[in-house]
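Engineer: Mind looking over this structure? Questions follow.
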Ligand SMILES: Cc1ncc(COP(=O)(O)O)c(C=O)c1O
């Protein structure tokens, strides 16, 4: 059967996950649903609310589930992601990123026709360009001024620079100044909880002091946005914060699993099913999951359902494994399940999720925003 002819739902639903053709991206629904519920429960206990990041799962189906569980809206990294979710009827979307260039800004203004889109800015000319496009389209665009709180990526410096940019936004009739965003990306994945808490509080203090600075200059700051999976309950507990942008918690991966306080709370729901394609020697096994289905920038992913087997390298279409235990009987055609080291970049390599419960495929979801990097 050709890819285009196959109805994945009809074909696979009800089958055991070991019957899936591979490589296949799997969600364990029990673990996934618990992760959504646990995160949602936390946000009933603090002032801040959850605006989960779509960049992890790239799926409006999952975004809808997060909103049904209490999330106030969705965070996106890219315009293409935002277009995908707005097309499904989700209105409250933050693009936690700079949208630069004529084509993109026109698309942004277009999204605003059917949504309450909000975008981060850190540049005077960019604010002017977004303002011009919003005026031409006859829409209002909500703005967060991004502040560099120590990650040294995007963002104006705390204090006066942020206040000056906010003043400019306020002067633009078709822009609505909503508040500040500061992402503590340099602290979210620090494995030690004490160290993570210390560095995160120091970073977020810069955002809080910037809010105070704006307030002293007569500028009201309604939204304070930041946070990730590693800091949801640190940044999320700061009274001034109103929104947390965590993404990876829905799936987790082996990297976040080793982050103290996060690995214990959220379970690993995402895996990639591979098939053994060759066992050329007693100690070498080759599987069909290479770099085109598994990301490795956080380390080489490892098998979870077989002991005595270590993945040692990935090339485009092959994963090379070393057999360390004589009892490993795997032969070509057998299946191996692999835990990603980075869920977000792994998801972006796949077209669909095979969602399982008790190892039986329950549904198949298209990853409709995968590859939407423009
Ligand atoms: C702007 C922004 N917000 C939030 C996050 C948090 O994501 P996660 O929960 O996956 O760590 C990221 C991660 O890259 C990000 O870039």
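Engineer: Search the stretch 242-254 for residues being within 13 Å of the ligand (Cβ to nearest atom) and either part of a loop (DSSP other than H, G, I, E, B) or at pLDDT below 95 (or both), and hand back the single one that is farthest from the chain's Cα centre (by Cα).
Structural biologist: In the first step, residues of the stretch 242-254 are kept if they are within 13 Å of the ligand (Cβ to nearest atom); the result is 243-253.
Filter once more, so that each one left must be either part of a loop (DSSP other than H, G, I, E, B) or at pLDDT below 95 (or both): 245-247, 251-253.
Values: 245: 9, 246: 7, 247: 4, 251: 9, 252: 10, 253: 12 Å.
For the stretch 242-254, the residue satisfying everything is 253.
Engineer: Which of the residues that make up the stretch 219-238 are crowded, with 24+ Cβ neighbours inside 10 Å and closer than 11 Å to residue 179 by Cα?
Structural biologist: 224, 225
Engineer: What strands (runs of 3 or more DSSP E), lying completely within the stretch 291-374, carry at least 1 residues that are in contact with a helix residue (DSSP H, G or I) (Cβ under 7 Å, 6 or more places away or on another chain) and surrounded by fewer than 18 Cβ atoms within 10 Å (Cβ to Cβ)? Even if it seems obvious, please write down each step before you answer.
Structural biologist: Details: elements: 309-314, 319-323, 335-339, 352-357, 360-366.
The strands (runs of 3 or more DSSP E) meeting that bar are 352-357, 360-366.
Engineer: Moving to a separate point now. Output the residues belonging to the stretch 202-230 that are part of a helix (DSSP H, G or I), in contact with a strand residue (DSSP E or B) (Cβ under 8 Å, 6 or more places away or on another chain) and within 14 Å of the ligand (Cβ to nearest atom).
Structural biologist: Passing the criteria: 204, 207.
Engineer: What are the pairs with Cβ atoms under 7 angstrom where one residue, in the stretch 327-353, is free of Cβ contacts under 8 Å to residues at least 40 places away in the same chain and the other, located anywhere, is surrounded by 18 or more Cβ atoms within 10 Å (Cβ to Cβ) and assigned to a loop (DSSP other than H, G, I, E, B)? Sequence gap at least six, or different chains.
Structural biologist: 351/367; 351/370
Engineer: When the stretch 173-185 is examined, which residues are found to be in contact with a helix residue (DSSP H, G or I) (Cβ under 7 Å, 6 or more places away or on another chain) and within 16 Å of the ligand (Cβ to nearest atom)?
Structural biologist: Passing the criteria: 180, 182, 184.
Engineer: Working carefully through the options 95, 67, 111, find the one that is in contact with a strand residue (DSSP E or B) (Cβ under 6 Å, 6 or more places away or on another chain) and either in the same structural domain as residue 345 (by TED's automatic domain parsing) or farther than 28 Å from residue 304 by Cβ (or both).
Structural biologist: 95
Engineer: Something else about it: Out of curiosity, is residue 257 in contact with a strand residue (DSSP E or B) (Cβ under 9 Å, 6 or more places away or on another chain) and surrounded by fewer than 24 Cβ atoms within 10 Å (Cβ to Cβ)? Quick ask: steps written out before the conclusion?
Structural biologist: On the way: in contact with a strand residue (DSSP E or B) (Cβ under 9 Å, 6 or more places away or on another chain): yes; surrounded by fewer than 24 Cβ atoms within 10 Å (Cβ to Cβ): yes.
Answer is yes for this residue.
Engineer: Might you check whether a residue that is within 14 Å of the ligand (Cβ to nearest atom) and either buried (at least 24 other Cβ atoms within 10 Å of the Cβ) or not in a loop (DSSP other than H, G, I, E, B) (or both) occurs anywhere in the stretch 160-171?
Structural biologist: No, because not a single residue in the stretch 160-171 is within 14 Å of the ligand (Cβ to nearest atom) and either buried (at least 24 other Cβ atoms within 10 Å of the Cβ) or not in a loop (DSSP other than H, G, I, E, B) (or both).
Engineer: Which condition number does residue 10 fail, the rest of (1) away from the ligand (no atom under 16 Å from the Cβ); (2) farther than 30 Å from residue 333 by Cα; (3) part of a helix (DSSP H, G or I) being met?
Structural biologist: Of the numbered conditions (1) away from the ligand (no atom under 16 Å from the Cβ); (2) farther than 30 Å from residue 333 by Cα; (3) part of a helix (DSSP H, G or I), the odd one out for residue 10 is (2).
Engineer: Quick check, is residue 104 under 18 Å from the mean Cα position of the chain (by Cα) and touching a residue at least 60 places away in the same chain (Cβ under 8 Å)?
Structural biologist: Working: under 18 Å from the mean Cα position of the chain (by Cα): no; touching a residue at least 60 places away in the same chain (Cβ under 8 Å): yes.
No, not satisfied.
Engineer: Mind listing whichever residues of the stretch 67-89 are in contact with a helix residue (DSSP H, G or I) (Cβ under 6 Å, 6 or more places away or on another chain), more than 18 Å from residue 244 (Cα to Cα) and free of Cβ contacts under 8 Å to residues at least 60 places away in the same chain?
Structural biologist: Scanning the stretch 67-89 gives 86, 88.
The values are calculated or read from the model by the stated rules, or taken from the named source; none is laboratory data. This one's a predicted model, so the numbers in the text were calculated from it and none came from an experiment. When we count neighbours, we look across all protein chains shown, and the Cβ atoms used for this are built from the backbone with ideal geometry, even at glycine.
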